[in-house]
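Structure record follows, encoded as structure tokens.
The values are calculated or read from the model by the stated rules, or taken from the named source; none is laboratory data. It should be emphasised that the depicted structure is a prediction, and the values quoted were computed from it without experimental measurement. Virtual Cβ from ideal backbone geometry, glycine too; neighbours counted across all protein chains shown. For the accessible areas, the whole protein counts, side chains as well, though only heavy atoms, and no ligand, DNA or RNA atoms are used. Shrake-Rupley method; radii C 1.70, N 1.55, O 1.52, S 1.80 Å.
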Amino acid sequence: QVQLAEVGGGLVQAGGSLRLSCAASTRTFSSYTMGWFRQAPGKEREFVAVINWSGGATNYADSVKGRFTITRDNAKNTVYLQMNSLKPEDTAVYYCAARTYYSDYANINGYNYWGQGTQVTVSS
């Protein structure tokens, strides 16, 4: 069983930045592909970013490409999401998730473990 805990959400003005962190409680963290998803009120949970086990491969949703950066530190069992140039439409609860393989990374059903989520609110 892997437990994931996100921190770093909050309220920020449009154009500002936040960095989310997700700590994993497993000794095998480096074997997992890690993803970030978000869910806005009344909307389905959607893919944001993914990083493979080594950090050598990443992918992003078109809506955040060029503004968000996903990284990981396997020594600290932590994955990060740096969010710059935030927009009001980025407002959502952000979740980190873990899966055992990289392919089909945007498919929410492929993730085995989820964090509890952290709220990000961007004011205009």
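Observations
- For the pair ASN84 and ASN109, the difference between a 0.36 nm per residue extended length and the Cα-Cα distance amounts to 6.2 nm.
- Across the chain, C-alpha contacts under 8 Å between residues 6 or more apart give a mean separation that, scaled by the residue count, equals a relative contact order of 36 percent.
- Solvent-accessible area per residue, Å², over the chain with all protein chains present [probe radius 1.4 Å]: 51
- Accessible surface of TYR32 - all protein chains present, 1.4 Å probe, nearest 10 Å²: 30
- Rough spin-label spacing in nm, given labels placed 7 Å along Cα→Cβ, for ALA40 and THR28: 3.7
- Sulfur and carbon atoms: percent of accessible area, the chain [1.4 Å]: 46
- Across the range 33-100 the C-alpha pair distances fall into 10 Å bins from zero in the proportions 21, 54, 23, 2 percent.
- Where Rh is the Kirkwood radius over Cα pairs, Rg/Rh for the chain: 0.94
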